[in-house]
Amino acid sequence: MRDDSRAELDEAVRRAMALSKELGNIRDTVVTTIYRRAEAIVAETVGQRNQSKPNWDRRIDDLLTSRLLGYPLMLLLLGLILWLTIAGANYPSTVLAALLFSIEEKLTMLFEQLGTPEWVGGILIQGTYRSLAWVVSVMLPPMAIFFPLFTLLEDLGYLPRVAFNLDNLFRRAGAHGKQALTMAMGFGCNAVGVMAARIIDSPRERMIAILTNNFMPCNGRFPLLITMSSLFLGVGTVHYGSTLASVIVVGMVLLGVTTTFVVSFLLSHTLLKGTPTSFALELPPYRMPQVLQVIVRSVFDRTILVLWRAVKVAAPAGALVWILANVHIGDTNLVNYGAAHLDPFARIIGLDGFILLAFILGLPANEIVIPVLLMSYLGANTLLEFQSLDGLKTLLMSQGWTWLTALNVMVFSLLHFPCGTTLLTIRSETGSWKWATLAAIITTTAAVITCFCITQAVRAMQLIF
């Protein structure tokens, strides 16, 4: 291309970008003018008999959307919801797990009476059924608590205030303010957060929201984060305090939010270039939630839907894990064989081969990461579950774990590739495996870089003895 042609092209691009920015400013000006004119007309034509009556909506908004208190109140409310979810789900999860595993014992007896080959029972019961039992017992209670609480906030009218608070930050990152809503939905399930990106009109900004939603920890990753936070802060013995675990999980959430802003900024200035679109957000009045409708909507439209998707991908995962643990190359099963090959790279980012393999095998469902890891460490031929946190801590320390290992496991769990359900949802929403693959690459790269930096910094400062 000749120099004069290239100069003309560059000038055309600069003019187009300037015009796009100017149009964005014009849209903001038009919307502001419309609302100011509407307020003026209302002031001229509508009167209030009781001027002394306080406007509670405005007073509450002055607190929830203020620059000083808006963000602390958001974090406080998030911590409260997480605490209710964590504290409330412990007992139901234990009861549900006991029920499901008692059924497993009866199924095992039935297969023995029928004379079923051992490998068939291993795949169907110890692999498939046990994986499903863990997924249901781990996911169902937290979702049954979290989704109704989240829907209550939505029905109350608080979520638009969250979008209002975060709109400026997302615009600076080159994204859309409504991404705050999709990000919040990711707390329950990243697949739901990806589907929620439909509310964003701009294809470019919708794609940014889809590619970065996995940085929000879902219900499938909460158990691992909670367990590791308890182990990480335990001194001498492990104290499973729901309040302490909630604080650490909130810290992980803040890391996820920060990563979301950073990656959104990078995408909006590289692969998904463009000018952020503005949107007029009219804050709805607060209203009393319709509790019965909230429960029905959250249970049937969210909890059961998400659980069913997780079950579909967890069943074959359990069978695969059993096969890998029982197929040998020489004297070594495939689990140990794979871990040995992954170990050199895993050590660089503060993990080990078994941890990295557990995350890879946990692709279909994040809930099976800990059971797979325990199976690998103990050399068992089936999935296992730890009986207490003290026993788990003893096992992990015997495998060379330190507080740095636990921290890296939490960070990698937070930032690593989406689960199978989310990847299938991204494929469905975008119509291409290209974007699902890109989402996996982006998130895994972020996890590896973050863990690498943490590990090298701690080792350089000689904080591990």
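The values are calculated or read from the model by the stated rules, or taken from the named source; none is laboratory data. Note that the structure is predicted; figures quoted are calculated from it, not measured. Here Cβ is always computed from backbone atoms with ideal geometry, including for glycine, and neighbour counts include all displayed protein chains.
What number goes with the only condition from (1) surrounded by 12 or more Cβ atoms within 10 Å (Cβ to Cβ); (2) over 30 Å from the mean Cα position of the chain (by Cα); (3) in a helix (DSSP H, G or I) that Arg58 does not pass?
With respect to (1) surrounded by 12 or more Cβ atoms within 10 Å (Cβ to Cβ); (2) over 30 Å from the mean Cα position of the chain (by Cα); (3) in a helix (DSSP H, G or I), Arg58 is out only on (1).
When you look at Leu110, is it over 18 Å from Gly318 (Cα atoms), in the same structural domain as Val257 (by TED's automatic domain parsing) and either part of a helix (DSSP H, G or I) or modelled with pLDDT of 85 or more (or both), yes or no?
no
Which residue is nearest to Leu68 (Cα to Cα), if the candidates are limited to the stretch 147-170 and must be in a helix (DSSP H, G or I) and aromatic (Phe, Trp, Tyr)?
Ranking the candidates gives Phe164 first.
Table: residues versus (1) modelled with pLDDT of 75 or more; (2) surrounded by fewer than 17 Cβ atoms within 10 Å (Cβ to Cβ); (3) in contact with a strand residue (DSSP E or B) (Cβ under 7 Å, 6 or more places away or on another chain).
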residue: Gln290; (1), (2), (3): yes, yes, no
residue: Val296; (1), (2), (3): yes, yes, no
residue: Val327; (1), (2), (3): yes, yes, yes
residue: Val335; (1), (2), (3): yes, no, no
residue: His341; (1), (2), (3): yes, yes, no
residue: Pro344; (1), (2), (3): yes, yes, no
residue: Asp352; (1), (2), (3): yes, no, no
residue: Leu356; (1), (2), (3): yes, no, no
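Please go through the stretch 325-365 and give me each residue that is small (Gly, Ala, Ser) and either more than 29 Å from Leu424 (Cβ to Cβ) or out of contact with any Leu (no Cβ under 7 Å at 6 or more places or on another chain) (or both), ordered by number.
Across the stretch 325-365, the qualifying residues are Ala325, Gly330, Ala340, Gly350, Gly362, Ala365.
Can you spot a residue in the stretch 62-78 that is surrounded by 12 or more Cβ atoms within 10 Å (Cβ to Cβ), out of contact with any strand residue (DSSP E or B) (no Cβ under 6 Å at 6 or more places or on another chain), at pLDDT below 70 and part of a helix (DSSP H, G or I)?
No - not one qualifying residue is present in the stretch 62-78.
Looking only at the stretch 97-115, count how many residues are surrounded by 15 or more Cβ atoms within 10 Å (Cβ to Cβ) and hydroxyl-bearing (Ser, Thr, Tyr).
Count: 1.
Being within 24 Å of Lys312 (Cα to Cα) and touching a residue at least 40 places away in the same chain (Cβ under 8 Å) narrows it down to one of Val138, Val120, Val162, so name that one.
Val138
Can you name the residue in the stretch 414-437 that is of a type in the set (S, T, N, Q) and over 19 Å from Cys218 (Cα atoms) and, of all such residues, is surrounded by the most Cβ atoms within 10 Å (Cβ to Cβ)?
Among residues in the stretch 414-437 that are of a type in the set (S, T, N, Q) and over 19 Å from Cys218 (Cα atoms), the one surrounded by the most Cβ atoms within 10 Å (Cβ to Cβ) is Thr430.
Would you check if Ala175 is of a type in the set (A, V, I, L, M) and outside any helix (DSSP H, G or I)?
Here the answer is yes, as Ala175 does meet what is asked.
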